[in-house]
Amino acid sequence: MDASDEWSTWCKRWVLGFIVPLFQVFLGIKGLILKTSFIFGRYGTCWAVVGPEAVAVSLCYLSLAIFLHAYFNWENRERLAGYRELLVIASLLMFLASVGYFVYLDFHI
């Protein structure tokens with residue numbers, strides 16, 4: 001393993017496995033507490049949601065944070081390798097359930 005591989009592994013582990021999920025956890029917890037959140041759009045726009053829709057969006061943020069942390073930070077950890085797949089699958093199921101809940105609430109399908 002050369003220096004560039006070590007650097008890319010370090011960047012993936014700390015940036016995608018810790019810093020980005022930490023930002024998403026902040027958004028998720030803030031949305032759950034305040035019952036207001038937003039969805040990022042194109043060209044710097046955002047869509048503000050409140051109430052139960054904000055709870056669904058906040059759960060999406062939290063599930064994405066769990067997914068990114070488990071996928072990138074637990075990648076080469078032998079002790080956590082068995083739990084990695086389980087946590088990734090659980091976070092994807094949580095994401096799909098919260099997206100479905102958001103679609104149900106917002107579009108009344």
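All of the numbers you see were taken from the coordinates with simple rules; none came from a lab. The model shown is predicted, which means the values in this text are computed figures rather than measured ones. All Cβ positions, glycine included, derive from the backbone under ideal geometry; neighbour counts span all protein chains shown.
Counting Lys +1, Arg +1, Asp -1, Glu -1, what net charge surrounds Ile19 among other residues with beta carbon under 15 Å of its beta carbon?
Neighbour charge sum, excluding Ile19 itself: +2.
Note on Asp106 and Thr36: the model spin-label points, each 7 Å out from Cα along the C-beta direction, lie 1.8 nm apart. Charge dipole (Cα centre; +1 on Lys/Arg Cβ, -1 on Asp/Glu Cβ; no other charges) of the chain amounts to roughly 300 debye. As a ratio to 2.2 N^0.38 Å, the alpha-carbon radius of gyration for the chain is 1.22. Across the range 59-66, coupling constants 3J(HN,Hα) worked out from phi with the 6.51/-1.76/1.60 Karplus curve, θ = phi - 60°, read 5, 4, 4, 5, 5, 5, 5, 5 Hz, and Gly and Pro carry x.
The long axis of helix 81-107 is offset from the longest Cα principal axis of the chain by roughly 20 degrees.
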